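See below for the structure under consideration.
Throughout, read-outs are computed from the coordinates displayed, never taken from laboratory work. Please read all numbers here as calculations on a predicted model, not as lab measurements. Ideal geometry is used to build each Cβ from the backbone, glycine not excepted, and the neighbour counts take in all protein chains shown.
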Amino acid sequence: MPKRKISDLLSPNESTEGEPLKSKGRFDDNSSHATATEPPISENRNPSPAPFDLAYPNVAIQNTSQKSVPFQQPTPLTSFSYTPEHVQVFDDSALRYFCSPPRNAHLGYGYERWIRRPEERSRIDSLLRAVDRITDGQHKKMNLEDIGVVAWRGVFTRILTAPYEDREGWCMNVMLINGTLYLEEHRTESQLVEKNDIKPHHRKMMYYGYAFESYCTTEIKNTSHSKAAPTRYNAHPDSELGWGGDVNTNVQWCSIVRTKLGDTRLVIGGEVDCSDGEYNGTTDTFVELKTSLAIRGAADEEKFERKLLKFYFQSFLLGVPKIVVGFRTPTGQLTSTQSFQTMSIPRMMRERRHGKTSVPWDPSLCLTWGNQFLAYLKQTLIRGESDDAPDHEKSAEFSIKEQSGCDDSTISAQIWRVNFLPGEGVRLVKLDKPATDEVVNGEDRVGFIPRWYWDKLKSTAAHTSHGGIVRGTITEQPVQSAVGGWRI
């Protein structure tokens, strides 16, 4: 079979230029604390891994006969909306519905009316409210002790795409409570200032992505059974043709799903751009929307292939079956759109080898790495909490337990920092008191966990401690058959 180019898979008018795509909540995090080394930009993909606890995987060695780590098809547990004031409500009021965008749409339209939510610390509070909802009370769908890891979709995307990341390091905060790993990305105040003080040119390019979402969505679903596009809603009488409403990034619709990587049960939360038709409680109608400069040559095709890695996992993790990419000019005019079936993207990559023996990227390698990463976190945290610590660490841990109000060792409030350096690997360190205080940031928290959730965990642990809770043990369920090609 002859090799096909990305441009062969796109419509003829889509080959002009390529650049980094619009990113939501993109994080380029570095640790600023002395106990957690700051990840620099690194171009060396094969340094000695000796200093690091988990070595960087060698992507040059791709064993096609290696059995892939199974990943279970994501199943929705609940959903919630953020209002225009960014208040969390457990309904679908912010869900939008897909419409084909108008030809030659101007993605700069409405820029001066853009309401942009400032970048903040990446807390998991709203995700924990959803977890609390699905593990207790009338909406209960699973047991908390069955959950191995809780994190936002962006955190998991960072982890799984790390084998092919050769520029940006990242830092995350980790806590192990009653056998469940909780992860959040780490952002310092200086990083937040930098993210909120972006240059006008970059700000405009960021807006193009949000404007594309407006052109592609409507608040009114198509209730008929015809294939006609849903009726559009325009916020202003003078709105441009096809405009779906002015951009307010406070407003989001989020889906919370459960899935499994290997034997570890994951609960993942993330924003879903829209539904293609009426939302039926499954992921079947989910659509992810992206923008990119149009492709003009081979070099741009390679850049686009690298972007597809993140596009793929962002959608894969939530069970989103379709990605719609809008290709644009440098000045923000939409030239064309192309739909990609999420589960077909790896096959498309295998058909595109650039004359080499290896594919541009292999999702099986990413899943294997992700499985190793989570096992490494769990084992290290269990060992770190049980080993004898140096005196200064004992002092810090004592202070944390005082802060948490925990009188026994049933649960731990210890925060760990995981640092990823491209081309080198991952290092995990236990945070001392000053670093912990930086994470808490004067808020009502135990570690990075909100106090209300911590109190509930502590109460649960107290009620079950006589039954033999083993801290650090993740309840494992038999791996169900992956549905719809979710085993890669």
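Remark: for residue pairs Lys141/Lys378; Lys195/Lys290; Lys260/Lys378; Lys303/Lys378; Lys140/Lys310; Lys204/Lys322, the C-alpha separation exceeds 23 Å in Lys141/Lys378; Lys303/Lys378; Lys140/Lys310; Lys204/Lys322. Protection proxy ranking of 302-310, 190-198, by the mean of other Cβ atoms within 10 Å over each peptide's residues and highest first, is 302-310, 190-198. Seen from Val320, the other residues with C-beta closer than 9 Å to its C-beta sum to a net charge of -1, counting Lys and Arg as +1 and Asp and Glu as -1. For Cys274, the residues whose modelled amide H falls within less than 5 Å of its own, excluding neighbours fewer than 5 places apart on the same chain, are Val287. Rounded to whole numbers, the Karplus 3J(HN,Hα) couplings from phi for segment 419-435 are 10, 10, 10, x, x, 10, x, 10, 10, 10, 10, 7, 6, 8, 4, x, 5 Hz, using 6.51 cos²θ - 1.76 cosθ + 1.60 with θ = phi - 60°, and x at Gly and Pro. Each peptide among 243-251, 151-159, 420-428 gets the average number of other Cβ atoms lying within 10 Å of its residues, and from highest to lowest they stand as 151-159, 420-428, 243-251.
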